[in-house]
Amino acid sequence: MAVTIKDVAQKAGVAPSTVSRVIQNNPSISDATKEKVRQAMKELKYYPNLNARSLVSKKSFVIGLVLPDATDAFYQNPFFPTVLRGINDEASKSGYALLIATGQTSNHRHGNVEKMVHGRQVDGLIFLYASDEDPIFNLVQDLDFPYVVIGTPSSKYVNFVDNDNQGSSFEGTKYLIENGAKNIAFIGGDTNRIFIRDRLMGYQQALKEAGLTLNEQWVFNEVQFVPEDGFHYSKIIKELDCIDAVVIADQLVAKGFKAGWRLQGEETIPALTFKAYDSSDLLMTHEDAFIDIQAQQLGQVAFQMMMEVLETENVKPRRFAHEFIPHVLVEK
């Protein structure tokens, strides 16, 4: 016999209407009551009918996730599943499902997002990247559709959650300087990604403040976020024969760099990177300082912000939410 809302209510010791409001994640229900009802649902193996919920509320109870182009850099980089884990944790608590929009090209992704939005398949969108002149982002803004961006867009009229990328890069570069480094290289990435430009500015600011040389020949951008590029630049930096430390804007690139450096039989070189996920094979765990950007928390806060946006989407004048997740400098 199928389990009903009444069965859940009886086990949790609440009214059936309270169970319904918990399923809808109604903010009027306390966290303690929500937890008690959800535990009863779990024990009874009760699963709400999402289609029925949608008919009553005129909501899909689905959030769309907009990912970057499906390149090798995307599939290899564990930053994205780490963020997704944080989003999924919060979505599960709120009774929401997730629908991913990706594709090999921007046009393909654009078409998928159009179907999501115009077909009312999702209640809102979370972008897992911030980029200038992005046609998908422009589409969502033109339609005034609810969204949250993980990253810092150029416009302040955007809901976003991010780290202080310039500040963290400044702090990390300053740490290398305070530990004796004078000729510091920078390995960045795609400069269309705003966080790369911010990390570059933080690096430049720290050098300037310390009165050190800012040599543009020591800055390497247009890097794909894959180990192979880090490996490649380890050879180039070795040939410069003057670099005594390096700031690397991506942890996976840092893995390739350190592997390449060791393969050349060189003594270790101080390398500061930005840690987005845990992995014992990244060669950065014990020998180097790093900036922990709390990637899973980025995902959790992004989903929480999405819920707040949906609750206030009809409130005028509109206010845009901006939140920065604290970074942590973990010293060697």
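The values are calculated or read from the model by the stated rules, or taken from the named source; none is laboratory data. Keep in mind that this is a model prediction, so the values were computed, not measured. Here the Cβ is made from the backbone with ideal geometry for all residues, glycine too, and neighbour counts use every protein chain on show. Ligands, DNA and RNA are stripped out before the accessible areas are found, and what is left, the full protein with its side chains, is counted by its heavy atoms. Shrake-Rupley method; radii C 1.70, N 1.55, O 1.52, S 1.80 Å.
Can GLY86 be described as modelled with pLDDT of 80 or more, of a type in the set (Gly, Ala, Ser) and touching a Gly at 6+ places or on another chain (Cβ under 6 Å)?
Values: modelled with pLDDT of 80 or more: yes; of a type in the set (Gly, Ala, Ser): yes; touching a Gly at 6+ places or on another chain (Cβ under 6 Å): yes.
Judged against the criteria, GLY86 is a match.
For the range 132-187, a residue qualifies if it is in contact with a His (Cβ under 7 Å, 6 or more places away or on another chain) and in contact (Cβ under 8 Å) with a residue 60 or more places away in the chain, and the qualifying residues are ILE136, PHE160, ASN163, ASP164, SER168.
Here LEU125, LEU67 are screened, and the one residue that is under 18 Å from VAL301 (Cα atoms) and at pLDDT 90 or above is LEU125. Of the strands (runs of 3 or more DSSP E) lying entirely inside the range 134-203, those carrying at least 1 residues that are over 30 Å from THR268 (Cα atoms) are 147-150, 160-162. Taking the range 1-39 as the range and being more than 25 Å from GLU311 (Cβ to Cβ) and aliphatic (A, V, I, L, M) as the test, the residues that pass are MET1, ALA2, VAL3. May I ask you to verify whether LYS174 is in contact with a helix residue (DSSP H, G or I) (Cβ under 6 Å, 6 or more places away or on another chain) and open to solvent by 50 Å² or more (accessible area, probe 1.4 Å)? Taking the combined requirement at face value, the residue satisfies it. Of the numbered criteria (1) buried (at least 16 other Cβ atoms within 10 Å of the Cβ); (2) without any contact (Cβ under 8 Å) to a residue 12 or more places away in the chain; (3) among the aliphatic types (A, V, I, L, M), the one ALA259 fails is (2). Output the residues belonging to the range 195-233 that are open to solvent by less than 40 Å² (accessible area, probe 1.4 Å), closer than 24 Å to THR152 by Cα and in contact (Cβ under 8 Å) with a residue 40 or more places away in the chain. Correct list: ILE196, ASP198, ARG199, LEU200, TYR203, PHE225, VAL226. Within the range 82-135, track down each residue that is aromatic (Phe, Trp, Tyr) and either under 24 Å from PHE195 (Cβ atoms) or open to solvent by 40 Å² or more (accessible area, probe 1.4 Å) (or both). Across the range 82-135, the qualifying residues are PHE127, TYR129.
Quick check: anything in the range 151-163 within 30 Å of LYS208 (Cα to Cα) and more than 19 Å from the chain's Cα centre (by Cα)?
Restricting attention to the range 151-163, the residues satisfying the condition of being within 30 Å of LYS208 (Cα to Cα) are 151-156, 160-163.
Right, trim to more than 19 Å from the chain's Cα centre (by Cα) and you get none.
Checked against the condition, which is being within 30 Å of LYS208 (Cα to Cα) and more than 19 Å from the chain's Cα centre (by Cα), the range 151-163 yields no hits at all.
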